[in-house]
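Q: Before anything else, here's the structure in question.
Every number here is computed from the coordinates shown, using simple stated rules; none is lab data. Quantities reported herein were computed from a predicted structural model and do not represent experimental measurements. We place every Cβ from the backbone using ideal geometry, glycine too, and count neighbours over all the protein chains shown.
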Amino acid sequence: MLNYYRTEIMEKMMSDEDTKTAQILVRVSEEERDEWKRAAEVSDVPMSEMIRKTVGAHIRTILYCTHPLEFRITYPWSAFCDKCGERLVG
Ligand SMILES: [Zn+2]
């Protein structure tokens, strides 16, 4: 069963990978690269996927509201975050 899910996840990751067409070049030290590669191997994911997910999660905290739902003010036509003012819906 575990192998079934693992195969399913790997297939999804491969098809996700096909949609990623833009590339960036990041210069890092040899030591950083080796460390990133080791972390990806330990996590059992491709290094590009590990970097994408890690950076993506960080970017979301910078660009978008991550405040808890208790700060959400909801109107029938929209919703706002009372903490940062971001329009969340509508
Ligand atoms: Zn907010």
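Q: Inside region 31-56, can you point out the residues that are of a type in the set (S, T, N, Q) and over 19 Å from Glu11 (Cβ atoms)? So that I can check it myself, show each step before the final result.
A: Start the filter on region 31-56 by keeping residues that are of a type in the set (S, T, N, Q), which leaves 43, 48, 54.
If the condition is that a residue be of a type in the set (S, T, N, Q) and over 19 Å from Glu11 (Cβ atoms), then Thr54 is the only one that fits.
Q: Now for a different question. Where residues in region 46-90 are part of a helix (DSSP H, G or I) and within 16 Å of the ligand (Cβ to nearest atom), which of them is nearest to Gln23 (Cα to Cα)?
A: Ile59
Q: Based on this model, can you work out whether Arg33 counts as surrounded by 10 or more Cβ atoms within 10 Å (Cβ to Cβ), within 16 Å of the ligand (Cβ to nearest atom) and part of a helix (DSSP H, G or I)?
A: On the way: surrounded by 10 or more Cβ atoms within 10 Å (Cβ to Cβ): yes; within 16 Å of the ligand (Cβ to nearest atom): no; part of a helix (DSSP H, G or I): yes.
For Arg33, the condition - surrounded by 10 or more Cβ atoms within 10 Å (Cβ to Cβ), within 16 Å of the ligand (Cβ to nearest atom) and part of a helix (DSSP H, G or I) - is not met.
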